[in-house]
Amino acid sequence: RKLLPRLVLLEFPLVIVDDASPQAVFDQLSELVNAAAPGSILVRHTENLGKGGAVITGLNTANEAGFTHAIQIDADGQHDLGSVARLVDETTRNPAGIICGQPQFDESISKLRFYSRYITLVLVRLETLSTEIRDALCGFRSYPLQPVTELIKHSKPGKRMAFDPEILVRAVWAGIPLYFVPVK
């Protein structure tokens, strides 16, 4: 209820993926989308596929609808929508690349979160033999749809939480450039 009205203000077409929520919740979402964002594409999974499954569905749907790029934003409100302009600007400068939000943390970050992110970063760097990936976990990104949907089709990345780091690793292997912009 809080995120959708803020997304509408960005004036971008929306593809919203419902990952098998109960029927009553989906009905409320459908009413909200029809009232606040008419013309948006609402897709519903009949079974829960996880975050990666929802992102894959969203990217494929946007590609099939004729869009060239898609911005991934999680529905939990953790991403700063004020940073969308940075993703769009970087996408305009580098349309062939995946533009990744790179969170800027202060000293209040928990040790568990800090070390979990660090361990993941070390592992993806070992997997790619590269330091190209600067943050593997932030799901606030802009994707060039044609190369990324082809990559998904041929590599079949995981559909759960592993999607975010895995798609970047596979992008490095496929030669899709990555760019990082600082985000809150």
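Tell me, please, whether a residue that is crowded, with 16+ Cβ neighbours inside 10 Å, assigned to a strand (DSSP E or B), modelled with pLDDT of 95 or more and not polar (S, T, N, Q) can be found in segment 58-68. For segment 58-68, residues crowded, with 16+ Cβ neighbours inside 10 Å, assigned to a strand (DSSP E or B), modelled with pLDDT of 95 or more and not polar (S, T, N, Q): absent. For segment 168-183, filtering for residues that are within 13 Å of residue 130 (Cβ to Cβ), open to solvent by 20 Å² or more (accessible area, probe 1.4 Å) and touching a residue at least 40 places away in the same chain (Cβ under 8 Å) leaves 3. Filtered by the rule that a residue be open to solvent by less than 50 Å² (accessible area, probe 1.4 Å), among the aliphatic types (A, V, I, L, M) and touching a residue at least 12 places away in the same chain (Cβ under 8 Å), segment 96-141 gives 98, 99, 121, 124, 133, 136.
Taking the criterion of being modelled with pLDDT of 95 or more, more than 17 Å from residue 140 (Cβ to Cβ), of a type in the set (Val, Ile, Thr) and assigned to a loop (DSSP other than H, G, I, E, B), would at least one residue in segment 25-43 satisfy it? No, there is no match, as no residue in segment 25-43 is modelled with pLDDT of 95 or more, more than 17 Å from residue 140 (Cβ to Cβ), of a type in the set (Val, Ile, Thr) and assigned to a loop (DSSP other than H, G, I, E, B).
Filtered by the rule that a residue be assigned to a helix (DSSP H, G or I) and either open to solvent by less than 50 Å² (accessible area, probe 1.4 Å) or at pLDDT 95 or above (or both), segment 69-84 gives 81, 83, 84. Right, residue 141: in contact with a strand residue (DSSP E or B) (Cβ under 8 Å, 6 or more places away or on another chain), of a type in the set (Lys, Arg) and more than 20 Å from residue 81 (Cα to Cα) or not? No; evaluated as a whole, the condition is false for this residue.
The values are calculated or read from the model by the stated rules, or taken from the named source; none is laboratory data. Given the structure is predicted, the values throughout are model-derived calculations rather than measurements. Here Cβ is always computed from backbone atoms with ideal geometry, including for glycine, and neighbour counts include all displayed protein chains. Surface accessibility is based on the protein's heavy atoms, side chains included, excluding ligands, DNA and RNA. Shrake-Rupley method; radii C 1.70, N 1.55, O 1.52, S 1.80 Å.
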